[in-house]
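Some notes on the structure that comes next.
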Amino acid sequence: MTLTEKPFQRRQFLRGAVAAAVFIPATGMLASCAAGGGGTTTPGGTVSAKNPFGMVDKSTVDAVIFKGGYGIDYADFAGKIVEKQQAGSTVKVTAATNIAQTLQPRFVGGNPPDVIDNSGANLIGINTIRAQLEDLTSVIEAKNLEGKVIKDTLYAGVIKPGTFDGKFVQLNYVLTVYAMWYSAALFESNSWSVPTTYEEALALGAKAKAKGKYLFGWGKEAATYYQTMAIASAIKEGGDDVRLALENLKEGCWSLKPLQDVFAGLKKIIDAGYMQPGGAGTQFTAAQAQWSNEEKFLLYPSGGWIENEMKTQTKSGFKLTGAPELTVTTSSKFPQKSLHSTAGEGYIVPSQGKNVAGGKEFLRTMLSNDAAVNFAKTTFSSTIVKGTIPADGFGSTALVSQVKLLEGAGSDVFSWNFVDLYGLNTDQLVVWNTFLQGDSSVATLTSSLQSITDKVRNDSSVKKVTVT
């Protein structure tokens, strides 16, 4: 079976988290569980305006939330609202850092949680469990706690990324802007300009070295942040042909000239000694602290969650700011100001959960104004709910810069999903750690990435997604 996706493009404020998936073949253990019935669960409680899904009185909602850059406090906040709205009920919020390994036994045993934030470096490949998930159309068609129809309160285009084969199974709660992050204060004090091309970045690397600093740095679990940056750069340079080749796992896709030019540009920076060494042996938040707190290197590619993730390890007066990813030339097919941005932090409701109605009620509450504003204010990030970010970004320079980035990009916003969909990140991490530490060539990087892609393309047990 194949399904067709359109590129997700919009001008509104976006943000969320980079995630990679642990892929379990469609014939594997998770898929062997009884398929759930998208929206077929019979309500156990009284359906009303206050209880649109029929959540049973005095029941418990089991929520497993990925504990990453956003933490879990926002989920606890929403849970307390549910408990207040549904008197006598309890929301149990459990943090998890490895969603796939944590929840595989529960899916196999037929007792998954009622609602899951399926995110992080080891999420469950959505392609492997989508038959076991509830259709969430009823959630967005319900009224929020303020009495407004939820779908009318959301940014445009946010439902499509979570819709597979016509079934809306994943609610991507957070809007993500991916950028190249830096300290505006550091750049201002040194009269440095933010680079727009790889050659300009190479020149800045020399200036950084003269100050005893590096241009870039990384941590072992986040080596593929540089793949994300490279893909964005290549799509800007070569346009949709690059994006579609990767999305559709085309033979030789990693050898396309725009990608090769980007890899070569990055390799020059590595060979010049402008990449801080030791990243392959450094835990990623420790590496990020070397940037945000110690200012050992200048630039870091990441999603907008980076501010909240490093809020306790960022130098005072850092003035965190985002810039568009680099291009190779000044005549790229997409403008240099174009952006990689999409909805992320995917919430799912398993059909075999004990309290499916409770899982949906949790999501309805998350999409209420109070919960969405709380998320934005406490994480300096936006949900898919409109009208929750003030002009001053709650005092966050990063949040304000994301708004400016999107305004500058206009309609030139793009994204891709093949890494998460097919669970490629785990294997790609090994390849990128080796490349970033200077132990492989562009040719080796290319052939290794192509082998990972080819393995999925040639596996007939894997359902493919046709992207147009």
Does ILE159 satisfy being among the β-branched types (Val, Ile, Thr), more than 22 Å from ILE72 (Cβ to Cβ), touching a Lys or Arg at 6+ places or on another chain (Cβ under 6 Å) and in the same structural domain as SER351 (by TED's automatic domain parsing)? no
Scanning the stretch 120-137 for residues that are touching a helix residue (DSSP H, G or I) at 6+ places or on another chain (Cβ under 8 Å) and assigned to a helix (DSSP H, G or I), the one surrounded by the most Cβ atoms within 10 Å (Cβ to Cβ) turns out to be THR128
- Item | Check on LEU320, modelled with pLDDT of 95 or more, in the same structural domain as ASP459 (by TED's automatic domain parsing), within 28 Å of ILE65 (Cα to Cα) and in contact with a Phe, Trp or Tyr (Cβ under 7 Å, 6 or more places away or on another chain) | yes
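Every residue, every condition in (1) crowded, with 23+ Cβ neighbours inside 10 Å; (2) at pLDDT below 95; (3) within 19 Å of THR327 (Cβ to Cβ); (4) not assigned by TED's automatic domain parsing to the domain that holds ALA208, yes or no:
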| residue | (1), (2), (3), (4) |
| --- | --- |
| ALA232 | yes, no, yes, no |
| LYS236 | yes, no, yes, no |
| LYS250 | no, no, no, no |
| ILE270 | no, no, yes, no |
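Does VAL262 satisfy the criteria of being farther than 23 Å from ASP459 by Cα and part of a helix (DSSP H, G or I)? Give the derivation first.
Details: farther than 23 Å from ASP459 by Cα: yes; part of a helix (DSSP H, G or I): yes.
Yes: the conditions hold for VAL262.
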Exactly one of LYS360, LYS463 is under 30 Å from ILE140 (Cα atoms) and in the same structural domain as ALA230 (by TED's automatic domain parsing), and that one is LYS463
Of (1) under 22 Å from the mean Cα position of the chain (by Cα); (2) surrounded by fewer than 23 Cβ atoms within 10 Å (Cβ to Cβ); (3) assigned to a loop (DSSP other than H, G, I, E, B); (4) in the same structural domain as GLY317 (by TED's automatic domain parsing), TRP218 satisfies every one except (2)
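Scan the stretch 280-290 for residues that are surrounded by fewer than 23 Cβ atoms within 10 Å (Cβ to Cβ), part of a helix (DSSP H, G or I) and in contact (Cβ under 8 Å) with a residue 60 or more places away in the chain and jot them down. Don't jump to the end; show me each part of the working.
Taking the stretch 280-290 and keeping what is surrounded by fewer than 23 Cβ atoms within 10 Å (Cβ to Cβ), we get 280-286, 289-290.
Within this subset, residues satisfying the condition of being part of a helix (DSSP H, G or I) are 280-281, 284-286, 289-290.
Hits for the stretch 280-290 are ALA280, GLY281, PHE284, THR285, ALA286, GLN290.
Take ILE140 and decide whether it is outside the structural domain of ILE270 (by TED's automatic domain parsing) and within 16 Å of the chain's Cα centre (by Cα).
Numbers: outside the structural domain of ILE270 (by TED's automatic domain parsing): yes; within 16 Å of the chain's Cα centre (by Cα): no.
No: the conditions fail for ILE140.
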In the stretch 148-165, anything part of a loop (DSSP other than H, G, I, E, B) and in contact (Cβ under 8 Å) with a residue 24 or more places away in the chain is listed as TYR155, ALA156, GLY157, VAL158, ASP165
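The values are calculated or read from the model by the stated rules, or taken from the named source; none is laboratory data. Note that this is a predicted model, so its numbers are computed, not measured. A quick note on method: Cβ atoms are made from the backbone with ideal geometry, for glycine too, and the neighbour counts reach across all protein chains shown.
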